[in-house]
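As structure tokens, the structure follows; a few thoughts come after it.
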Amino acid sequence: MPEYRWPDRNERQVLGKRVSRLDGPDKVTGKAKYTSDVNLAGTLHAKFLRCPHAHARVTRIDTSAAESLSGVKAVRVIQGPGKEVQWSLDDIAVVAAVDEATAEDAVRRIVVEYEVLPHLVNEDDLGKAGDRTKPASEQVKGDPDQAFQDADAVVEGEYGIPVITHCCLEPHGQVIDWSGETLTAYQSTQNISGMANQFAQPLEIPAANVSIVQDHVGGGYGSKFGADSWGLETARLSRETGRPVRNFLERDAELFVAGVRPSGFARIKVGAKKDGSLTAWEAESWGTSGLSGGGISMQVLPYVINPPNVRKKHTGIATNTGPARAWRAPNHPQTCWLTFAALDDLAAKLEMDPLDFYLKNLDLTERPDLYRKQLIRAEELMGWREKWRPRGQETAGPVKQGLGLAFHTWGGRGHNSTARLVIDPDGSVSVSLGTQDIGTGTTTVIAMVAAETFGLTVNSIKVNTGRSPDYPRSGPSGGSTTVGGVCAATRRACQLALEELFEKVAPRLGAEPSELEAAGGRIRVKGKPFRSLTWKQAASRLGVTPLEVTGRNISASRRASDGKLIDSGVAGVQMAEVSVDTETGVVKMKKFVAIQDCGLIVNEKLADSQVYGSLIMGISSALTEERIMDERTGSLLNGEMEFYKLAGLGDIGELVVEMWKDAEQDARGVIGLGEPPVIAPVGAIGNAVANAIGLRVPRAPFIPRRVLAALEEKGGLYA
Amino acid sequence: MKAFEYAGPTTKEQAIQLLGAQWEEAEVLAGGTDLLSLMKTFGSTPKRVVDIQGIREFQGIDYISSSGLRLGALATLSELIDHPAAQSNYPSLVQAANGVRSQQIQSFGTIGGDLCQRPRCWYFRNGLGYFPKDASGQDLVRQGENQYHAILGNSGEAAFVSASSLGPPLIALGATLRVFSKDGSRELPVAEFFRTPRQESERETILKPGEIVGEIHVPAAGQVHNATYEVREKEALDWPLATASVALKLSEGKVAQARIVLGHVAPIPWNAVEAARGLKGKAIDESTAAEAGAAAVAGATPLSRNGYKVQLARVAVKRAILNAVMGGA
Ligand SMILES: Cc1cc2nc3c(=O)[nH]c(=O)nc-3n(C[C@H](O)[C@H](O)[C@H](O)COP(=O)(O)OP(=O)(O)OC[C@H]3O[C@@H](n4cnc5c(N)ncnc54)[C@H](O)[C@@H]3O)c2cc1C
Ligand code: SF4
């Protein structure tokens, strides 16, 4: 068995290079086929009838007019008389018809009567939540009361961040082809290998008869792990009609029922000594994940910085709204903002530069050294020391500049993953994994690992993903676990295969297998490069039988070799510079600096790209993004892209991204990156706004209405 | 979207014939950037769509320095933005067209379509009409999420805002437009084109079923200093929160004639007559501009969540005036 590890830094030929993503050309030319592009002959179109009420009981349903419409092939009632519907846009019935327009017409002919029940859809005001509250028990550490008494500075504030949605550009959906005994699901998903059972069990067919197919996905962000109730209905329609059925959610349903991020509101009190050392934290937080109550997790509040004395209490609020799903770094962006806002206000009270305040308190974090180094580097890139002025210092003109910072942490240990590696006698190499490339560049990094190990070019590796059960199981792409999982599995498979190949070619080169190496497209004797075979010649030694091996990464395992390939736990520091027009309340991004470590960087270009994307997403939730519910009707008001405001290029300012590449981090192996950089933007930007105008805008997003309310000192959470 | 019949006439006479006498019968289609999105959500369900893009005489932009600018209703926002004479003489108009982003919308959206676009009120777009009410008759806008709604001209039932960014500068510049119907054509000031509907069967303009806007005429701007200032939450793919378009004639450094028109703050472009009158005879500086801003919103009646728009409108007026004069004609 080989010793599983990465090549030394100075020996790497491919790893760490800025390789462009392999699927890039297909994507920009439109050749890439997303699941929503799948168009099978004879496909029927599904449309759902959605409940118009936030809370109601179905009393009658009549589908006859829909059934009699020509072109309609099936009508199914999902929630019939007696069913209590708990949020608007929930599925009531579904129609399959020969085209989308007919399906839509049919849906509109279904008559449903409801008994309307009382609802609550907005949770920002804890005082109005009535019997919808689900309080968790208070947690206490140390002696917060004493600590506040002994503190030299104490500040109290209210802060909040609303529900936002995943807003995948390719909505949730699938095309299901159930023919005979087998079900093929073309599913827009982050979970290729975990999907078959989700169809098999409720539909009572063997999981072995279910195939999952996906080549490209247009966004998931944590919301596409499941088969979904509508996926199962689509399958039932396919069974009933004997034809493929296609279903993709409309934009409003996509925004409301297919995944949202929980809100987080909190009253926070923090205390410190004169020298800036943080001593005490007290928070009463609330929020919603929908009907379950929920909201942000208390486990990560306070965030990253753990004061010695803490009291905290959280109340979930049950609302009649679509249920929350994991959203890129679940809980962290919200609690990061709540924490760093409160601490920034404390630093202001102490008349300290927040940078100094955090440097002072780094021992309360798990990675003081790394944060210190990253803060210092971010300071340089931002020019923080030259630019920073105390909060509220008078400057000329209505437009004020401000700086803010926040930092974060994440796990990102590689998940369970199995790679099947085949070297054919003609020298071709393929790696197959039942994983998915959710736009992060998974296929590209797999090819890079194989190319590195074999001394081949990236383009000579064929990577197969996006099929189940055709390819070996790999974990869902969540928790930033994919890159570690697939890289470790691929590296293991490649090292194993190479060992076997060396055995086969060693006699030919008159050397021991252990004396061989693969480099520059050849297998050669170490130190004697003239004694070599081309890769193709070497592979031909396999005779007629391809060499096939599997490599497995086991996430929970503590094999020594795993420790060398992957690890868990990152830091990351972000600084924002904004300008705020105090006459209009308009906040503009000027510059944003993000420093991010993720262990060994497999592909720096893709890594940068993850950070850029995260920053844009974070800027959206800081500046404009918010789910807006009408309390009276209980319905979603901004279920369209024109109203659901995402940042565009003109809104993001200058983004400065720097990956952290020191030898110490590199030696830890591969660590996930997809989530950490999306955590700190709201905190950094919110603090920059406070620094610019000298007042706290307590609730994100920092739209003109809230900024002006803060300036008139009539702010508060409900502005 | 409801199935519909498509007609592509090449003359205005054919188009008018095809339009019929009821809104439900037919709708005019120009660039489609607004109509199609409404049709997709069943906000508009015409039996027939009359595509007027083939009518040549409604196309193009012409400029004659003595008589002014002729804008075909079918001229796109991009054509306006790229027109050199428009850029140099009518910056208020070009600035407003520039604010309509993205590139795709500027390339497809027409000037006529911008003036005729339907309200963006989210209750309206969710199918609840101009005067949304709940089952108990409560006014949803006034009791609900009215942060983007009207602060002026909202004493009747309507509280949505006119979505057109081109309406205000056209009115400030004294433009007229020509409407064609089966009875021939008539010309009217753009200022009289917009109106506040009082019942669901009315529209936000004086257009009746079967009528088409053919062209817009903007008088020679000569020495008219004009500018538009927009306050936006985001740079693209969004409508402004408030805008002001101003057109000023100066004589010996003093205002001889002024028009100030606010956008996105009332169900129609809001002609701030008093504010304009107050400027007469004054030199433009920070304080006279600010006074005009204050005068423009003096009668504002904000709703529960849109008080901030009063401030935005005030500042937009001030900045538009200063830009018009400092930025040159
Ligand atoms: C994301 C986005 C952002 C936008 N931002 C802005 C903005 O900031 N400011 C702004 O002003 N606009 C904005 N718009 C609106 C845009 O300017 C209009 O959609 C466009 O100008 C409409 O032109 P069109 O030719 O596509 O109209 P269509 O969609 O074809 O028609 C719109 C309406 O006008 C009617 N109509 C069109 N032409 C005529 C005519 N000649 N005679 C009679 N009736 C006619 C149609 O029947 C229809 O009811 C935005 C649009 C989008 C999608
Ligand atoms: S606006 Fe929509 S359709 Fe156009 S490029 Fe962007 S995502 Fe694609």
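The values are calculated or read from the model by the stated rules, or taken from the named source; none is laboratory data. The structure displayed is predicted, hence computed values, not measured ones. Don't worry about glycine lacking a Cβ; one is built from the backbone with ideal geometry, like all the others, and counts go over all protein chains shown. All accessible areas refer to the heavy atoms of the entire protein, side chains included, with ligands and DNA or RNA removed. Shrake-Rupley method; radii C 1.70, N 1.55, O 1.52, S 1.80 Å.
How many of the residues making up region A:179-199 are more than 27 Å from the chain's Cα centre (by Cα) and at pLDDT 95 or above?
First pass over region A:179-199, keeping only residues more than 27 Å from the chain's Cα centre (by Cα): A:179-183.
Among the residues that remain, those that are also at pLDDT 95 or above are: A:182-183.
Residues that pass the stated criteria total 2.
Counting only residues that are within 16 Å of ligand 1 (Cβ to nearest atom) and open to solvent by less than 30 Å² (accessible area, probe 1.4 Å), region A:649-689 holds 1 of them. Across region B:19-35, a minimum of one residue is classified as within 14 Å of chain A (Cβ to nearest Cβ), within 16 Å of ligand 2 (Cβ to nearest atom) and modelled with pLDDT of 95 or more.
Per the listing B:MET39, B:MET1, the residue uniquely within 13 Å of ligand 1 (Cβ to nearest atom) and either within 14 Å of chain A (Cβ to nearest Cβ) or more than 22 Å from B:GLU202 (Cα to Cα) (or both) is B:MET39.
From the list A:ALA266, A:ALA283, A:ALA253, the one residue that fits, being closer than 30 Å to A:ALA185 by Cα, outside the structural domain of A:GLU100 (by TED's automatic domain parsing) and among the small types (Gly, Ala, Ser), is A:ALA253. Just for region A:593-636: of the residues that are within 14 Å of chain B (Cβ to nearest Cβ) and within 16 Å of the chain's Cα centre (by Cα), which one is surrounded by the fewest Cβ atoms within 10 Å (Cβ to Cβ)? Among residues in region A:593-636 that are within 14 Å of chain B (Cβ to nearest Cβ) and within 16 Å of the chain's Cα centre (by Cα), the one surrounded by the fewest Cβ atoms within 10 Å (Cβ to Cβ) is A:ILE616.
Please find, among A:ALA607, A:ALA622, the residue that is over 21 Å from A:CYS487 (Cβ atoms), small (Gly, Ala, Ser) and in a helix (DSSP H, G or I). Working first, answer last.
Working: A:ALA607 fails: over 21 Å from A:CYS487 (Cβ atoms).
Only one candidate qualifies: A:ALA622.
Within the group B:ARG56, B:ARG101, B:ARG48, which residue is closer than 19 Å to B:THR228 by Cβ and of a type in the set (Lys, Arg)?
Values: B:ARG56 fails: closer than 19 Å to B:THR228 by Cβ; B:ARG48 fails: closer than 19 Å to B:THR228 by Cβ.
Being closer than 19 Å to B:THR228 by Cβ and of a type in the set (Lys, Arg) holds for just one of B:ARG56, B:ARG101, B:ARG48, which is B:ARG101.
Return the residues of region B:223-255 that are more than 16 Å from ligand 1 (Cβ to nearest atom) and either open to solvent by less than 50 Å² (accessible area, probe 1.4 Å) or within 14 Å of chain A (Cβ to nearest Cβ) (or both); say none if nothing qualifies.
Here is the first cut: in region B:223-255, the ones more than 16 Å from ligand 1 (Cβ to nearest atom) are B:223-227, B:246-255.
Within region B:223-255, B:VAL224, B:HIS225, B:ASN226, B:ALA227, B:VAL246, B:ALA247, B:LEU248, B:GLY253, B:VAL255 meet the criteria.
For region B:285-320, filtering for residues that are in contact with a helix residue (DSSP H, G or I) (Cβ under 6 Å, 6 or more places away or on another chain) and away from chain A (no Cβ under 14 Å) leaves 4. Scanning region B:256-277 for residues that are within 14 Å of chain A (Cβ to nearest Cβ) and within 13 Å of ligand 1 (Cβ to nearest atom) turns up just one, B:HIS264. If you go through region B:42-54 and keep only what is within 12 Å of ligand 1 (Cβ to nearest atom) and either hydrophobic (A, V, I, L, M, F, W, C) or over 20 Å from B:PHE108 (Cα atoms) (or both), you end up with B:GLY43, B:PRO46, B:ARG48, B:VAL49, B:VAL50, B:ILE52. Quick one: is B:ILE216 open to solvent by 10 Å² or more (accessible area, probe 1.4 Å), among the β-branched types (Val, Ile, Thr) and more than 14 Å from every other protein chain (Cβ to nearest Cβ)? No; evaluated as a whole, the condition is false for this residue. State yes or no: is B:SER44 more than 16 Å from ligand 2 (Cβ to nearest atom), among the hydroxyl-bearing types (Ser, Thr, Tyr) and in a loop (DSSP other than H, G, I, E, B)? So B:SER44 fits the description; yes.
So which helices (runs of 4 or more DSSP H) are wholly in region A:637-713 and hold at least 2 residues that are within 14 Å of chain B (Cβ to nearest Cβ)?
Values: elements: A:663-666, A:681-693, A:704-711.
Output list reads A:704-711.
Taking region B:19-36 on its own, how many of its residues are in a loop (DSSP other than H, G, I, E, B) and either under 18 Å from B:GLY214 (Cα atoms) or within 6 Å of ligand 1 (Cβ to nearest atom) (or both)? Residues that pass the stated criteria total 6.
When you scan region B:108-134, how many residues do you find that are within 16 Å of ligand 2 (Cβ to nearest atom), outside any loop (DSSP other than H, G, I, E, B) and touching a Leu at 6+ places or on another chain (Cβ under 8 Å)?
Taking region B:108-134 first, the residues within 16 Å of ligand 2 (Cβ to nearest atom) are B:108-109.
The next check asks that each one be outside any loop (DSSP other than H, G, I, E, B); those that pass are B:108.
Filter once more, keeping what is touching a Leu at 6+ places or on another chain (Cβ under 8 Å): none.
Adding up the residues that qualify gives 0.
Which condition does B:VAL273 not pass, out of (1) surrounded by fewer than 24 Cβ atoms within 10 Å (Cβ to Cβ); (2) on the phi > 0 side of the Ramachandran plot, if it passes all the others? Condition (2) is where B:VAL273 drops out.
The single condition among (1) away from chain A (no Cβ under 11 Å); (2) in a helix (DSSP H, G or I); (3) within 19 Å of the chain's Cα centre (by Cα) that B:ALA85 does not meet is (3). Of everything in region B:50-82, what is among the hydrophobic types (A, V, I, L, M, F, W, C), buried (at least 21 other Cβ atoms within 10 Å of the Cβ) and outside any loop (DSSP other than H, G, I, E, B)? Give them in sequence order. Once the filter is applied, which keeps residues that are among the hydrophobic types (A, V, I, L, M, F, W, C), buried (at least 21 other Cβ atoms within 10 Å of the Cβ) and outside any loop (DSSP other than H, G, I, E, B), region B:50-82 yields B:VAL50, B:PHE58, B:LEU69, B:LEU71, B:LEU77, B:LEU80.
Counting only residues that are modelled with pLDDT under 95 and either more than 16 Å from ligand 2 (Cβ to nearest atom) or more than 16 Å from the chain's Cα centre (by Cα) (or both), region B:89-103 holds 2 of them.
Between A:GLY264, A:GLY294, which is within 27 Å of A:LEU673 (Cα to Cα), open to solvent by less than 10 Å² (accessible area, probe 1.4 Å) and touching a strand residue (DSSP E or B) at 6+ places or on another chain (Cβ under 8 Å)?
Numbers: A:GLY294 fails: open to solvent by less than 10 Å² (accessible area, probe 1.4 Å).
Matching residue, one of A:GLY264, A:GLY294: A:GLY264.
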